[in-house]
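Beneath this line is the structure, given in structure tokens, with notes to follow.
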Amino acid sequence: ALYREKQGKCTFFVFAEGVWKKYEFLIKQLVLRDFKTKYKRSVLGYLWSFLNPLLTMVVQYVVFSNIFKQNIKNFPVYLLAGTILFNFFQEAVGQGLNSILANASLISKVYMPKYIYPVTKVISCSINLLISMIPLIIVTMITGSKITPAILLLPFVLMCLILFCIGFSQIGRAHV
């Protein structure tokens, strides 16, 4: 990307950096607003980000361990990891697709690119994803699961998932 930039050719990373510099304050404010309003009327508040995946994992673990009666090693860790990633995908894409309609009043008053809204929704869901990873780490330690060098690929996998969610949520922008 740096080589192509020196040649004067625009790449995705150069474009993304320019957008970030231009709209940094606005993106931060929209992400902060989304994150605060999500837990505004919740009794548990931010603690719900911890409890929701844990309670879902416990219910699914009890049901699946009783129905299938198979002894899968580290099953709670697999179950929680899948639940967290699926919940992130569902929430990020769902909110990203509806973000432009939800911010219609703001769009009509202030000019800014429409693609900013889905991106900020996915970023705010990404913060929730990172908070939800804490119970996964705790369950991994409690179950005594072996942590392998493959854990070093986790940031790459999460970044690919976040970019996929951003791309998928841009579909909603094409229909508005």
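Computed values, structure above
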item: Failed item in (1) of a type outside the set (V, I, T); (2) outside any helix (DSSP H, G or I); (3) without any contact (Cβ under 8 Å) to a residue 12 or more places away in the chain, with A150 passing the rest; result: (2)
item: From the options G18, G45, residue that is modelled with pLDDT under 75 and in a helix (DSSP H, G or I); result: G18
item: Given (1) surrounded by 15 or more Cβ atoms within 10 Å (Cβ to Cβ); (2) touching a residue at least 60 places away in the same chain (Cβ under 8 Å); (3) not in a loop (DSSP other than H, G, I, E, B), index of the condition L158 fails; result: (2)
item: Of the criteria (1) touching a residue at least 60 places away in the same chain (Cβ under 8 Å); (2) among the charged types (D, E, K, R); (3) within 26 Å of P155 (Cα to Cα); (4) not in a helix (DSSP H, G or I), which one K114 fails; result: (3)
item: Filter result (open to solvent by less than 90 Å² (accessible area, probe 1.4 Å) and at negative phi) within the stretch 138-150; result: I138, V139, T140, T143, S145, T148, A150
item: Pair list, Cβ under 8 Å, 6 or more apart: the stretch 74-95 residue more than 27 Å from Y117 (Cα to Cα), other residue at pLDDT 85 or above and open to solvent by 30 Å² or more (accessible area, probe 1.4 Å); result: N74/T143; P76/T143; V77/T143
item: Conditions (1) aromatic (F, W, Y); (2) within 27 Å of F168 (Cα to Cα); (3) open to solvent by 40 Å² or more (accessible area, probe 1.4 Å): number failed by F64; result: (2)
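Okay, residues lined up against (1) β-branched (V, I, T); (2) open to solvent by 10 Å² or more (accessible area, probe 1.4 Å); (3) modelled with pLDDT of 90 or more:
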residue: F88; (1), (2), (3): no, no, yes
residue: A92; (1), (2), (3): no, no, yes
residue: L97; (1), (2), (3): no, yes, no
residue: I107; (1), (2), (3): yes, yes, no
residue: M112; (1), (2), (3): no, yes, no
residue: Y115; (1), (2), (3): no, yes, no
residue: P118; (1), (2), (3): no, no, no
residue: L130; (1), (2), (3): no, yes, no
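The values are calculated or read from the model by the stated rules, or taken from the named source; none is laboratory data. All values reported here derive from a predicted model rather than from experimental measurement. As a convention, Cβ positions derive from the backbone with ideal geometry for all residues, glycine included, and neighbour counts pool all protein chains shown. Note: areas computed on protein heavy atoms with side chains; ligands, DNA, RNA excluded. Shrake-Rupley method; radii C 1.70, N 1.55, O 1.52, S 1.80 Å.
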